[in-house]
């Protein structure tokens, strides 16, 4: 398994459970940065909060899992794998705080979630994203996700195209 240098050095720690304050920090950075980067409004922030709240309040998580990257006890990144019917997993809330962007954390989180999904014997990992999130889309495509569906939405303060990407699991590089 390839390690992310700051994780190996202990500068960024990965947690699978939320501690008090983690939810607020995660939603705070999502809200502010996605507004600054993409113009997404408070509805998008609430949408992200709902995903995290649903994960936290779920009493039977099954194979669902969260990765919270923390630096000096501050949440600086996340990714979630949510178990779905038909042996599918949904990748959600990939995010890296501006303070640690460009270091490879997003790639590590994505690859780690794929490794986990493969180890859990999911057949497909899918995600929904929107056109214009070029860094994320480039990352998804570089690890094998392919677009399979599109729909136009008007949410989060802007009109955009939402795209579903899928990665069929089997033997692979992660």
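The values are calculated or read from the model by the stated rules, or taken from the named source; none is laboratory data. Nothing here was measured: the structure is a model prediction, and the numbers come from that model. Don't worry about glycine lacking a Cβ; one is built from the backbone with ideal geometry, like all the others, and counts go over all protein chains shown.
Provide a single number: the residues in the range 110-136 that are closer than 16 Å to residue 88 by Cβ and in a helix (DSSP H, G or I).
Of the residues in that region, 6 qualify.
Report, by residue number, each residue of the range 36-59 that is more than 17 Å from the chain's Cα centre (by Cα) and either modelled with pLDDT under 85 or part of a helix (DSSP H, G or I) (or both).
Scanning the range 36-59 gives 36, 39, 41, 42, 43, 57, 59.
Go through the residues of the range 66-78 one by one and say whether even a single one is out of contact with any strand residue (DSSP E or B) (no Cβ under 6 Å at 6 or more places or on another chain), farther than 28 Å from residue 163 by Cβ, crowded, with 16+ Cβ neighbours inside 10 Å and modelled with pLDDT under 95.
Within the range 66-78 (the criterion being out of contact with any strand residue (DSSP E or B) (no Cβ under 6 Å at 6 or more places or on another chain), farther than 28 Å from residue 163 by Cβ, crowded, with 16+ Cβ neighbours inside 10 Å and modelled with pLDDT under 95), the answer is yes, since at least one residue qualifies.
Looking only at the range 17-38, which residues are more than 27 Å from residue 154 (Cβ to Cβ) and in contact with a strand residue (DSSP E or B) (Cβ under 8 Å, 6 or more places away or on another chain)?
Passing the criteria: 17, 18, 22, 25.
For the range 16-58, give me the residue count where each residue is touching a residue at least 40 places away in the same chain (Cβ under 8 Å), closer than 20 Å to residue 72 by Cα and either in contact with a helix residue (DSSP H, G or I) (Cβ under 8 Å, 6 or more places away or on another chain) or buried (at least 16 other Cβ atoms within 10 Å of the Cβ) (or both).
Qualifying residue count, the range 16-58: 7.
Of the residues 103, 139, 91, which is assigned to a strand (DSSP E or B), touching a helix residue (DSSP H, G or I) at 6+ places or on another chain (Cβ under 7 Å) and within 25 Å of residue 70 (Cβ to Cβ)?
Result of the check over 103, 139, 91: 91.
For the range 142-161, name all the residues that are assigned to a strand (DSSP E or B) and in contact (Cβ under 8 Å) with a residue 12 or more places away in the chain.
146, 147, 148, 149, 150, 153, 155, 158, 160, 161
Kindly establish whether residue 62 is more than 15 Å from the chain's Cα centre (by Cα), modelled with pLDDT of 90 or more and either closer than 16 Å to residue 95 by Cα or part of a helix (DSSP H, G or I) (or both).
Here the answer is no, as residue 62 does not meet what is asked.
Please name all residue pairs, on different chains or six or more residues apart, with Cβ atoms under 6 Å, provided the first residue is in the range 109-125 and is free of Cβ contacts under 8 Å to residues at least 40 places away in the same chain and the second residue is in a helix (DSSP H, G or I) and surrounded by fewer than 20 Cβ atoms within 10 Å (Cβ to Cβ).
The qualifying pairs are 110/139.
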